[in-house]
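Everything below concerns the one structure shown next.
Each reported figure results from applying straightforward, stated rules to the coordinates on display, with no laboratory input. Here the structure is a predicted model, which is why all the values come from computation and not from measurement. A quick note on method: Cβ atoms are made from the backbone with ideal geometry, for glycine too, and the neighbour counts reach across all protein chains shown.
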Amino acid sequence: MSTGGRKRGLRALVLLALLLCPALSRSFEGPDAVGDECDLGITLALLGRSAAAESVFTSLLSHAPGDPRALTNLGNLALRRGEAGLALAFYERAGEADTADAGIVLNQAAALLALGEDELAQIRAAAGVQRAGGTEAAAGLLGLHLGETAPAAHKAGDRAYVSKEEVLNLLRAAAGKIPADSVRAGGAAGDSLATRGKKPPVWRSAGARAGVMPDGATLVYWKR
């Protein structure tokens with residue numbers, strides 16, 4: 001086994017031990033303690049243990065204020081719960097902390113799409129595609145493949161989440177429509193809603209797209 005493989009295997013064993021003994025997660029040590037804590041939170045989230053994952057990311061944020069990984073991943077958990085407005089707030093803060101990460105911008109686009117802000121979603125998606133280096137790369141950040149066939153979309157009134165098909169179509173459309181002024185060179189990928197003169201949308205619990213996103217794990221970018 002290669003050195004890299006052994007390191008990955010050891011890391012997986014450490015994460016498994018932390019999952020089996022949660023008390024250990026309170027004492028992360030080492031040169032990449034924050035990264036290890038973040039990985040544990042992501043692992044928990046992907047295993048469906050959202051409450052435990054949220055506790056880990058909140059803990060991470062308490063001793064690493066403004067950490068874009070914690071902010072992004074807390075946003076992902078909020079989006080999966082159907083709280084798109086809260087998710088967008090986390091993504092906005094994460095984007096201010098890390099202006100180079102295309103994945104954060106794509107998450108913003110997904111949250112805006114869930115809120116019914118289609119025009120703003122496309123602007124953000126275009127910025128994310130440009131920053132990622134292309135549509136394929138952008139889709140990969142979200143765990144998607146442009147060539148895959150998504151399930152047929154439900155009617156708006158029949159569901160309460162953003163479908164895989166909608167996200168794929170958003171990326172495809174964004175690839176051919178990247179406004180020159182949508183991204184400031186060297187700055188954040190797209191202006192915040194506040195600087196665009198528009199208040200962040202409020203999540204509406206009774207809205208057409210409110211509710212839990214069943215395939216949220218594959219429709220968001222988990223920041224490590």
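List of remarks:
- Scoring 57-65, 166-174, 83-91 by mean Cβ neighbours within 10 Å over their residues and listing the highest first yields 83-91, 166-174, 57-65.
- Calculated P(r) tail over 17 Å for the stretch 96-137, as whole % of Cα pairs: 25
- Ranking of Val220, Val162, Val34 by count of other Cβ atoms within 10 Å, fewest first: Val34, Val162, Val220
- Estimated at 0.36 nm per residue, the fully extended path between Arg224 and Leu46 surpasses their Cα-Cα distance by 62.7 nm.
- Positive contributions from Lys and Arg (+1) and negative ones from Asp and Glu (-1), summed over other residues with Cβ under 14 Å from the Cβ of Phe90, come out at -2.
- Point-to-point label distance, Asp118-Arg172, nm (Cα→Cβ direction, 7 Å offset): 1.5
- Residues Thr43, Thr72, ranked from the fewest to the most other C-beta atoms within 10 Å, line up as Thr43, Thr72.
- If you plug the beta carbon distance of Glu136 and Ala33 into 1/(1 + (r/R0)^6) with R0 = 25 Å, you get a FRET efficiency near 0.15.
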